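> Questions regarding the structure given below will be posed in turn.
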Amino acid sequence: MATSLDQENRPSAHDNDPTQTIVETRNLGKVYRDFWGRKKVQALKSLDLEVRRGEIFGLLGPNGSGKSTTIKLMLGLLFPTQGRVFVFGKEATDVSKNERIGYLPEESYLYKFLNAEETLDFYGRLFDIPADVRRQRIESLIKMVKLEHARRRQLKEYSKGMTRRIGLAQALINQPEFLVLDEPTTGLDPLGTRDMKDLILRLRDEGKTILMCSHQLADVQDVCDRVAILHQGELKELGRVDSLLKIQDLTEIHASGLTDEAKNQIREIIEKSGGKLDRMDNPTTTMEDLFLEIVKESEQRPGRRGGRGGN
């Protein structure tokens with residue numbers, strides 16, 4: 001049996017090809033302790049996962065499952081109790097990596113007395129972006145998040161949805177390679193949600209790598225390439241969305257131009273009847289149903305790891 005030390009020092013994807021792995025966790029664990037140093041909560045247990053360059057990676061789980069702890073460990077805001085985290089091939093505690101990261105927290109802590117232009121200018125200064133470049137980026141980002149009409153209104157007058165938009169713009173001011181989005185559609189109406197999802201897909205197509213946490217499972221299903229599902233601090237499922245959502249023991253056939261007799265037959269009868277077999281594949285479930293099933297299984301059989309989707 002491999003020890004924790006063996007797991008931490010084993011060869012990894014980032015050792016072999018650091019350009020293709022943006023984030024890697026190895027045997028990652030975090031224990032929160034009380035004032036006297038006694039174990040209070042084990043928030044994360046032996047987490048192994050990778051976020052690959054150019055993908056949208058979804059991190060799912062109920063409240064208290066370890067999602068926020070995982071993000072904070074990746075950003076270097078917490079120190080792990082066990083294991084290691086690498087971001088861009090560097091230890092997560094190396095602050096130099098942060099120049100290449102954009103972060104939209106679940107609650108955007110912005111200065112309410114500033115307007116949109118002043119907010120982006122302030123954060124641009126923190127990254128030492130030259131004034132002429134800042135002006136160009138501010139103009140581009142305000143248009144991107146569709147806040148031209150409110151660019152000079154103080155943020156205290158913004159709705160929750162508008163605050164999410166300017167928060168995203170702030171996360172993009174340094175043109176990050178890796179973007180961490182925590183509940184990006186919170187507070188958005190259906191049109192705003194659709195715009196946000198389209199924007200996330202656009203950023204992926206422009207070459208950014210995105211880690212997305214969300215309770216809106218339909219959003220994850222729409223935009224994520226791969227997902228990891230956490231429950232009670234443990235990784236319960238990891239894989240491609242399309243693979244995870246397939247119901248493997250059922251086959252679904254879509255055909256057109258068939259007679260009533262042919263509809264009751266299998267492939268050979270379809271072909272003999274002159275019909276057209278449009279598709280024969282596994283039907284899919286929804287991200288919501290998959291999520292609820294995994295949580296239920298986890299509660300019934302603690303410690304079990306699923307294997308539905310390919311990594």
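> Quick query: amide H of Arg153 versus all other amide H atoms, modeled in the peptide plane; which residues come in under 5 Å with a sequence gap of 5 or more or a different chain?
Those qualifying (amide H under 5 Å, at least 5 residues apart or on another chain) are Ala116.
> Further question on the same structure: Give me the percent of Cα-Cα pairs in the chain that sit more than 30 Å apart, rounded to a whole number.
On the way: 20822 of 48205 pairs.
Taking all Cα-Cα pairs of the chain, the fraction more than 30 Å apart is 43 percent.
> Something else: Among Phe291, Ile166, Thr81, whose Cα lies farthest out toward the positive end of the dipole of the chain, if unit charges sit on the beta carbon of Lys, Arg (+1) and Asp, Glu (-1)?
Farthest towards the positive end: Thr81.
> If you don't mind, another one. Using label points projected 7 Å from each Cα along Cα→Cβ, tell me how many nm separate Arg202 and Arg38, to one decimal.
About 5.4 nm, to one decimal.
> Only bridges whose two residues both fall in the chain count here: according to DSSP, what percent of them are antiparallel, nearest 5?
Values: 29 of 46 bridges.
Antiparallel: roughly 65 percent of the beta bridges in the chain.
> Order of Ser108, Ser96 from fewest to most other C-beta atoms within 10 Å? Numbers along the way, then the final one.
Working: Ser108 20, Ser96 8.
Arranged by neighbour count, lowest to highest, Ser108, Ser96 become Ser96, Ser108.
> Let me check I've understood the local charge: for Leu141, count other residues with C-beta under 12 angstrom from its C-beta, Lys and Arg +1, Asp and Glu -1. What total comes out? Show your work: numbers first, answer last.
Working: positive: Arg134, Arg135, Arg137, Lys143, Lys146, Arg151, Arg165; negative: Glu117, Asp121, Glu139, Glu148.
Local charge sum for Leu141: +3.
> Let me ask you something else. Report, by chain and number, residues whose modeled amide H sits under 5 Å from the one on Leu78, excluding near sequence neighbours (fewer than 5 apart, same chain).
Close amide H contacts, sequence-distant or interchain: Leu73.
> Let me ask another. Under a 10 Å cutoff between Cα atoms, tell me which one of Glu271, Glu183, Glu55 has the largest fluctuation in the Gaussian network model of the chain.
Answer for the Gaussian network model of the chain: Glu271.
> Sticking with this structure for a sec: Note down the net charge around Asn98, summing +1 for each Lys or Arg and -1 for each Asp or Glu among other residues with Cβ under 15 Å from its Cβ.
On the way: positive: Lys72, Lys90, Lys97, Arg100; negative: Glu91, Asp94, Glu99, Asp128, Glu177.
Net charge in that neighbourhood comes out at -1.
> Work through the residues other than Ser214 whose Cβ is under 11 Å from its Cβ and net out their charges, Lys, Arg +1 and Asp, Glu -1.
Working: positive: Lys67, Lys197; negative: Glu106, Asp182, Glu183, Asp219, Asp222.
Here the count lands on -3.
> Further question on the same structure: To make sure I understand the rule: partners must be lysines, Cα under 24 Å from the Cα of Lys197, and not fewer than 8 residues away in the same chain. Which ones qualify?
Output for Lys197: Lys67, Lys72, Lys143, Lys146, Lys160, Lys208, Lys246.
> Report the relative contact order of the chain, percent, no decimals, based on alpha-carbon pairs under 8 angstrom and at least 6 residues apart. Don't skip to the end; give the middle numbers.
Numbers: 559 pairs, mean separation 58.6, N = 311.
Relative contact order of the chain: 19 percent.
Read the figures in this text as sums done on the coordinates, not as results from a lab. These numbers come from a predicted model, not from an experiment. Note that each Cβ is placed from the backbone with ideal geometry, even for glycine, and that neighbours are counted across all protein chains shown.
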